[in-house]
1. With unit charges on the beta carbons (Lys and Arg positive, Asp and Glu negative) and the dipole taken about the Cα centre of the stretch 3-238, which residue among 120, 180, 69 sits farthest to the positive side?
2. Mean separation of Cα pairs under 8 Å and 6+ residues apart, divided by the residue count of the stretch 269-423: what relative contact order is that in percent?
3. Got the relative contact order for the stretch 8-102 handy, in percent, Cα pairs under 8 Å and 6 or more residues apart?
4. Can you count the Lys pairs in the chain whose Cα atoms are under 22 Å apart, with each pair 8 or more apart or on different chains?
5. Who wins for biggest fluctuation among 412, 102, 167 in a Gaussian network model of the chain, springs between alpha carbons below 10 Å?
6. Can you check what the net charge comes to around residue 64, using other residues whose Cβ is under 9 Å from the Cβ of residue 64 (Lys, Arg +1; Asp, Glu -1)?
7. Let a ≥ b ≥ c be the square roots of the eigenvalues of the Cα gyration tensor of the stretch 3-238; is it rounded (a/c under 1.5), or, if not, prolate (a/b larger than b/c) or oblate?
8. State, to one decimal in nm, how far the label point of residue 28 lies from the label point of residue 149, with both points 7 Å from Cα in the Cβ direction.
Amino acid sequence: MSCDEYAVEVDGVGKCYHLYERPADRLRQFIFPPLASMLGRSEPRYFREFWALREIGFRIGRGEQVGIVGRNGAGKSTLLQIICGTLAATEGSVRVNGRVAALLELGAGFNPELSGAENVFLNGAVLGLDRAQMEARYEDVLAFADIGEFIGQPVKNYSSGMYMRLAFAVAAHVDPDILVVDEALSVGDEAFQRKCNLKIQSLRDAGATVLFVSHSASHVIEVCNRALLIDKGRLIEEGEPKKVISAYHKRILAASRPAALHAEAEDARGPATLPGATALEPEDDAFLDPGLVPATTVEYPSLGCAISNPRLLTLDGRAVNVLVNGNDYVYAYAVHFSAAAAMVRFGMMIRTMRGLDLGGGVSAPPAAPHAFFPADARVEVRFRFRAAMEAGVYFLNAGVVSILDEEEKYLARIVDAVMFRVLARKDALSTGMVDFGVAPTIAVRDAASD
């Protein structure tokens with residue numbers, strides 16, 4: 001691959017910051033080292049070095065989508081800023097071939113005193129487009145951002161979500177050769193995140209290179225063809241996303257308390273396998289993504305019982321939340337009855353990211369509920385189900401109902417108790433939201449027989 005076929009080339013890049021113990025040390029550093037140099041003496045140093053990045057080198061081909069992962073403070077954002085040219089490297093070099101559109105932080109490149117409309121044209125000019133070119137894209141930007149009449153208001157009055165909507169809309173409509181995103185999309189609502197991801201996919205399909213930082217390991221595996229792991233300022237691993245994410249998880253777990261993690265894992269497993277179930281094949285690639293945690297959980301008031309420890313498991317007991325389409329898994333939760341209850345049923349429901357009830361199940365039919373649970377009873381509830389839905393993010397609800405005043409009511413309920421992602425299968429034949437197990441057959445007839 002020739003140099004021109006690379007969108008980004010990073011060679012031996014390092015970034016060093018000077019850290020001063022006292023404000024006065026900055027002035028001393030400014031005055032005394034040059035003076036010592038003039039007198040032929042060794043130069044004193046009033047700071048200590050902190051290398052945010054060291055010896056980073058890689059190449060990204062045109063049309064690639066590359067995810068950068070790593071713990072907070074690893075140097076990911078610093079690296080993106082150097083690639084975009086908003087930060088100078090201390091050592092090494094970066095070569096970028098093409099127009100770069102970046103979302104490094106909310107409002108970067110926006111003038112807070114100008115209106116949203118004025119900032120659209122200002123951002124376009126910064127990215128190398130003249131007014132006529134931006135006027136041709138203006139309506140598309142407005143439609144994508146969908147902030148209505150606020151486009152005429154100063155952006156200093158915008159919420160973080162509106163800021164991000166407009167910034168992404170501009171970046172995505174200036175025909176970038178390279179799109180760089182640094183976690184900015186995490187502030188948007190889930191529906192808009194989905195919209196942005198589809199736009200990123202269309203840009204990539206059109207030949208653009210996409211480089212982004214994400215704490216969602218499952219998202220990196222799903223959409224990227226390559227990943228980079230940065231830790232303590234150094235490039236630790238690069239290559240196939242699944243391999244890189246595995247190395248990332250090992251580092252996260254190694255940094256945690258091993259004993260506590262072991263205890264939590266044993267707690268989550270419960271029985272080794274479901275009664276009457278065979279363990280999943282070793283090739284099941286389901287895994288646990290620590291960053292996949294719901295922020296929309298709602299727990300309803302208790303009427304004599306409480307739900308705890310909702311979780312997803314493989315059939316052999318591994319805790320997971322990133323599932324493989326077509327495989328079977330177990331949704332489990334614990335129930336503690338603080339008061340006696342009769343005519344009880346336990347339930348689960350899978351919902352889409354937009355809140356649509358996709359499907360679920362109950363532990364008993366309405367005509368034959370569980371007869372009675374005494375006070376202080378503890379129950380482990382398990383539902384085996386097949387991940388027969390399209391690739392995407394979903395939520396699981398949990399509920400316990402009983403007959404109260406001749407009406408079935410919730411004793412306990414948690415909405416969005418568990419968040420999980422389903423990965424696509426490359427050999428899948430299904431289309432749409434749910435896999436119905438459609439089995440196609442094709443019969444070729446001789447045209448002459450018609």
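Only the coordinates and a few stated rules stand behind these numbers; no lab work does. Model, not experiment: these values are computed from the prediction. Don't worry about glycine lacking a Cβ; one is built from the backbone with ideal geometry, like all the others, and counts go over all protein chains shown.
1. Selected residue: 69.
2. Dividing the mean separation by the residue count of the stretch 269-423 yields 29 percent.
3. Working: 131 pairs, mean separation 42.3, N = 95.
Normalised by residue count, the contact order of the stretch 8-102 is 44 percent.
4. Counting lysine pairs in the chain gives 13.
5. 412
6. Details: positive: 62, 204, 226; negative: none.
Its environment carries a net charge of +3.
7. Verdict is prolate for the stretch 3-238.
8. Roughly 6.0 nm, to one decimal.
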